[in-house]
1. Could you list all residues from the range 446-472 that are over 17 Å from R260 (Cα atoms) and touching a His at 6+ places or on another chain (Cβ under 6 Å)?
2. Just to be sure I understand the filter: pairs with C-beta atoms under 9 Å, separated by 6 or more residues or on different chains, first member in the range 406-421 and closer than 23 Å to D280 by Cβ, second member of a type in the set (D, E). Which pairs pass?
3. If only one of I18, I73 is surrounded by 21 or more Cβ atoms within 10 Å (Cβ to Cβ) and either under 26 Å from V611 (Cβ atoms) or small (G, A, S) (or both), which one is it?
4. Could you check the range 36-51 and list, in sequence order, the residues that are free of Cβ contacts under 8 Å to residues at least 24 places away in the same chain and over 20 Å from H101 (Cα atoms)?
5. Only one of these is more than 16 Å from the ligand (Cβ to nearest atom) and among the acidic types (D, E): E329, E345, E333. Name it.
6. Collect the residues in the range 154-208 that are β-branched (V, I, T) and under 24 Å from D244 (Cβ atoms), keeping them in residue-number order.
7. Can you spot a residue in the range 315-322 that is out of contact with any helix residue (DSSP H, G or I) (no Cβ under 8 Å at 6 or more places or on another chain) and away from the ligand (no atom under 14 Å from the Cβ)?
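The values are calculated or read from the model by the stated rules, or taken from the named source; none is laboratory data. Here the structure is a predicted model, which means the values were calculated and not measured. Backbone-built Cβ (ideal geometry, glycine too); neighbour counts: all protein chains shown.
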Amino acid sequence: MCGIIGYTGTKPVCPILINGLRALEYRGYDSAGVALSGRALTTVKRAGRISVLEEALAAGAAGEEYQGATCGIAHTRWATHGAPTDANAHPHATDRLALVHNGIIENDRVLRSELEAAGYVFNSETDTEAAAKLIDSIYAQNPDPIAALRAATERLEGAYALAVVFADRPKQIYAIRRDNPLIAAATAEGAFLASDIPALLPHTCDYYRPDEDEVVVLDTEGAAPSVRFFGRDGEINHPVCTVDWNVEQAERGGYDHFMRKELGEGPDGVRRTLTPLVHDGLPLFNLPLLDRLCDMRSLRIVACGTAMHAGLMGRYYLERLARMPVTVEIASEFRYRSPILSADEPILLLSQSGETADTLAALRLARANGIPTAAIVNVIGSSVAREADAVLATHAGPEIAVASTKAYTTQAAMMALLAVATAWHRGYLTEDQAREMTAALTDRLPVALEQTIALEDQMIEQAERLAPAQHAFYIGRGPDYDGSVEGALKLKEISYIHSEAYAAGELKHGTISLITEGTPVVALSTDTTTAAKMASNMREVRARGGYVLVICTEATKGEVASCADACIVLPESDPILAPICGVLTEHMIAYHTARVLGCDIDKPRNLAKSVTVE
Ligand code: M6R
């Protein structure tokens, strides 16, 4: 949930740290800080956005080290223990060291008591300070950083990525991780570590991913900057990972918000995701996953938030096309309700980041019980990608906005192609039908998504209508209910308008009592089989004074348009493509509503992009 960056090299460290923090700000943004390692260990930290820290540094808060230091660590925080204050911001420092942390130390109270009994005085409410003081106490006895980190992690319970600079080792950074992400890299100009790839992109596309409990050592004292990894049995060589993202992809590129830029990147993300999976016009997944899926009794999809909603759309495709029973579960619930697992029901995890703690925990639970697992992830080399039995990559490119949009679009498209392949192998589609649907997904879907975006003026008009509302409802049936759930999440997440999705047929069982004069209701109606029923449900809403916007297709318009106050007609009527275009429309309306309201769209309050705590 927090972002950490470290650099040791030949260049002034402050600009590198601040730019790195900016690239990681999506992970948390309530306070930030740096520790500069030079003639003296200098720590500066501030509550508020990174700009507040930057101003403090420019105003001289770090003294001479601001210009002179070439080694340091930095942190941007999403508060778990204690409010966003200067004192609770990271780094947490002692005379010997400064430390930044992403994660949660679960036994911090016990450690704090022990350390207080040993004479330490705590200055913050954070769990992290206990880790800093624990390492300090060990280092005081034996000033060996690798041994100190290792000994400390034997006492630490919970999840963490820690980076430490020691006052007596001004050119080195030490780090260790457990259940939280950390990557490292070395170039001719320095050695880097970070929570995620966007922070490294201005410097390199090549990086290493340390395994859990390895100590990472960044150094510039040798001939060249180096990054080395030490396990319990000695030094470890990791293969280099290379990312095909570029720095422009991780920048706003002239857009007001990352979210708007990323909405526009969905169509190309679908092209990049599906094209490598198609050979001679047919889907070819080339994975044991598909053989297994075809033979399996059923499938369980586990994910969180928007990724879980893409799983709901995946259920629609697999049930409709491949007649495969699918259940979709929220990862945090799945894990703790003692699920009944079966080896002939594989588990498919969906995750943009591949680092979501609940999803990762679900994956580990499945594997520990011998259940076959597969994952659809956007970040190759992430923990979920590395631990699942089989991996399918979406190629949405880096997603920076907290609100997930292009990741959803590519995940839903991937699920549709997977369903076509499964249906063909299970005999529910002929080869010709599979070819036709594959072409629809690879060729027509990206174009339809672009045409959907071109309807932006209509979406802006509806966003202006929606913006003053306190509450909004989203309704749909079948795949359109799945899409409505995602539309409602996106609106409340970024505009703070309370919004709920209901299966349209369920409204009359209670929720319709909430509809009063002018209550906005967004109806998604792409499914011809339920359009007439949707029309009835929309009439029921209007009869109670509700304002109905319907998002429909040429095929459903005849049934539903006359029952709505406003209508947006999608460019595709195909039942496989239209629901994804419908969700994109809802994403765009949510974006513009938040923009009309002047919300901090890319960094909504209280949220973080990558939820690496349970
Ligand atoms: O990285 P993941 O896809 O695993 O993230 C899952 C959710 O945290 C994420 O989709 C979240 O719901 C988004 N902020 C929604 O826009």
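1. H471
2. A419/E319
3. Residue meeting the stated conditions: I73.
4. S51 - this is the single residue of the range 36-51 that is free of Cβ contacts under 8 Å to residues at least 24 places away in the same chain and over 20 Å from H101 (Cα atoms).
5. E345
6. Within the range 154-208, I183, T187, I197, T204 qualify.
7. Yes: one or more hits.
One line per residue, one yes/no per condition, for (1) surrounded by 24 or more Cβ atoms within 10 Å (Cβ to Cβ); (2) in contact (Cβ under 8 Å) with a residue 60 or more places away in the chain:
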site: L24; (1), (2): yes, yes
site: R27; (1), (2): yes, yes
site: D30; (1), (2): no, no
site: V34; (1), (2): yes, no
site: G60; (1), (2): no, no
site: A69; (1), (2): yes, no
site: T80; (1), (2): no, yes
site: R96; (1), (2): no, yes
